[in-house]
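Engineer: Mind having a look at this structure? Questions to follow.
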Amino acid sequence: MKRAVLTATLIGAAAWLAACTDEQPASGHPTDPKMAKYVVGKLRTGYTYAEPETRAIQDDDFNNPSFFWVDRGKEIWSKAEGTAGKSCASCHGEAEKSMKGVGATYPKYFAPKGKLVNLEQRINICRTEQMKAPEWKYESTELLAMTGYVKMQSRDLPVNVAIDGPAAPFFEKGKAFYYERRGLNDLACKHCHVDNEGNYIRAELLSQGQSNGFPTYRLKWQKFGSLHRRMAGCNEEIRAEPFPMGSDEYVNLELYVAWRGNGLPVETPSVRK
Amino acid sequence: MAASAKVRVPATAKKGEVIEIKTQVQHEMESGQRKDAAGKAIPRQIINKFVCKYNGAEVFASDWHPAISANPYLSFFITATESGKIEFFWTDDKGEVTKAEAEIKVS
């Protein structure tokens, strides 16, 4: 079982976490000059909590297995599909130019649907409406590949999501989710990623739970995966029923999580344990 | 997902120089030790052999076993002897071979 490593260790996590708050602070090195780019004020990306071996994989694009997916995204970008006979490139030209900065602003309010959409969903809207092609399934190789490719065009640019105007009520829902206890362990996101950031939960060093590196290549998954997959994992770890990937609940939560990291550089495609 | 591989070979080298070669191949490396949701064993499907040829001659080879991660990365060293082609072959349990190649100029 590749995916159940943490799950089994989390029974009684609440009590255990309370006990370990006094321990040594994070072993990350936010003062190391190599980390500078990943630290913005009090915000730190998951990179600064990662072990040196994991960081080394991300540091060199050649070593980073995410690129199997990202490169695939680049290929699909100019492949015509659907009855309109168009590719992404037919309308958007070079992704390096047209998609620069775009990924850093998602999730975003999308008026025709009257709600937020995230980058995966925005890409699928172009698939179905502009290309007349079938939508890609959430977590499919193609959707991950394209999301990674588009988001990477914002690499090193600051996360910059809007939470005002029509996005405000959805932001509030996401925020409420973040602070709501759930599951058998009765924990909220904030108990781990705010209150215990920098503490160990068994072998795991808790980070701020930032989303700036997604989609990410996770060693535990042995593949590239979405933020919603990670959220579902964090829900399951506390013995809570996860929401479906792409659900409104997770998209609203995604906006809150992204906003917490507004100003951090986009790190996609990151590598995590 | 169709297998793909990437290799990093120095474009140029001096004769006799020891050069580092880096490779990575996309493969799920199913260990054969996992079960599916119904409790049925998932058959083993891993790359079991890696070979590197330098102008047709084998210069590096290794047998692989379960417990190697998905999308394995491998680096190794060879001696640059002459200009030409360096080829890479990954063979999996189904007999499928993923190939890659690179050119090197040796002076």
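Engineer: Under a straight-distance cross-link criterion of Cα-Cα below 12 Å, which aspartates and glutamates are reachable from residue A:173, leaving out those fewer than 8 residues away in the same chain?
Structural biologist: Partners found: A:248, A:249, A:254.
Engineer: So, one more: Over chain A, what relative contact order in percent results from Cα pairs under 8 Å that are six or more residues apart?
Structural biologist: Averaging sequence separation for qualifying contacts and normalising by length gives 28 percent for chain A.
Engineer: Using the Karplus curve 6.51 cos²θ - 1.76 cosθ + 1.60 with θ = phi - 60°, what ³J(HN,Hα) values do you get for each residue of region A:82-90, in whole Hz, with x for Gly and Pro?
Structural biologist: Going residue by residue, I get x, 6, 6, x, 10, 10, 4, 5, 4 Hz, with x marking Gly and Pro.
Engineer: For chain A, find the longest principal axis of its Cα atoms and tell me its angle to the long axis of helix A:248-260, 0 to 90°, nearest 10.
Structural biologist: With both axes taken from Cα atoms, the answer is about 70 degrees.
Engineer: With solvent modelled as a 1.4 Å probe, how much accessible area in total do chains B and A shield from it at their shared surface, in Å² to the nearest 100?
Structural biologist: Working: alone 6590 and 13150 Å², together 18390 Å².
The buried area between B and A, both sides summed, comes to about 1300 Å².
Engineer: Compare the Cα positions of A:217, A:238, A:168 along the charge dipole of chain A (+1 at Cβ of Lys, Arg; -1 at Cβ of Asp, Glu; about the Cα centre) and return the one farthest towards the positive end.
Structural biologist: The residue sitting most towards the positive pole is A:168.
Engineer: Helix A:168-179: angle to the longest alpha-carbon principal axis of chain A, degrees 0 to 90, nearest 10?
Structural biologist: Taking the Cα atoms of chain A, the angle to A:168-179 is about 30 degrees.
Engineer: Output wanted: per-residue J couplings in Hz (rounded whole) for region A:226-242, from phi through Karplus 6.51 cos²θ - 1.76 cosθ + 1.60, θ = phi - 60°, x for Gly and Pro.
Structural biologist: Rounded to whole hertz, the list is 8, 4, 5, 5, 4, 4, 4, x, 5, 5, 5, 4, 9, 6, 10, 5, x.
Engineer: Pop out the ³J(HN,Hα) list for region A:32-37 in order, Karplus 6.51 cos²θ - 1.76 cosθ + 1.60 with θ = phi - 60°, rounded to Hz; leave Gly and Pro as x.
Structural biologist: 4, x, 5, 8, 3, 5
Engineer: List the residues, sorted by chain then number, that are 5 or more residues from residue A:266 or on another chain and whose placed amide H is less than 5 Å from its amide H.
Structural biologist: Distant-sequence amide H within range of residue A:266: A:156, A:157, A:159.
Engineer: How much mean residue ellipticity at 222 nm does chain A get from its helices, if each DSSP H run of length 4 or more adds -39500 (n - 2.57) and you divide by all residues, to the nearest 500 deg cm²/dmol?
Structural biologist: The per-residue figure over chain A is -10000 deg cm²/dmol.
Engineer: I've got another one for you. Over the heavy atoms of residue A:164, what accessible area does a 1.4 Å probe trace out, to the nearest 10 Å²?
Structural biologist: About 110 Å², rounded to the nearest 10.
Engineer: In Å, what Rg and Dmax follow from the Cα atoms of the protein assembly as shown?
Structural biologist: Cα only, the protein assembly as shown: 22.5, 67 Å (Rg, Dmax).
Engineer: Let me ask something additional. Only sites in a loop by DSSP and with at most 14 other Cβ atoms within 10 Å count here; which trypsin sites (Lys or Arg not before Pro) in region A:195-244 make the cut?
Structural biologist: A:202, A:220
Engineer: Additional query: Quick check: convex hull over the Cα atoms of region A:67-152, volume per residue in Å³, rounded to an integer? Could you put the intermediate results ahead of the total?
Structural biologist: Details: hull volume 7.6 nm³, N = 86.
That works out to 88 Å³ per residue.
The values are calculated or read from the model by the stated rules, or taken from the named source; none is laboratory data. Since this is a predicted model, take the numbers as computed values, not measurements. With ideal geometry, Cβ positions are generated from the backbone for all residues, glycine too; neighbour counts draw on all protein chains shown. Heads up: the accessible areas ignore ligands, DNA and RNA and are worked out on the full protein's heavy atoms, side chains in. Shrake-Rupley method; radii C 1.70, N 1.55, O 1.52, S 1.80 Å.
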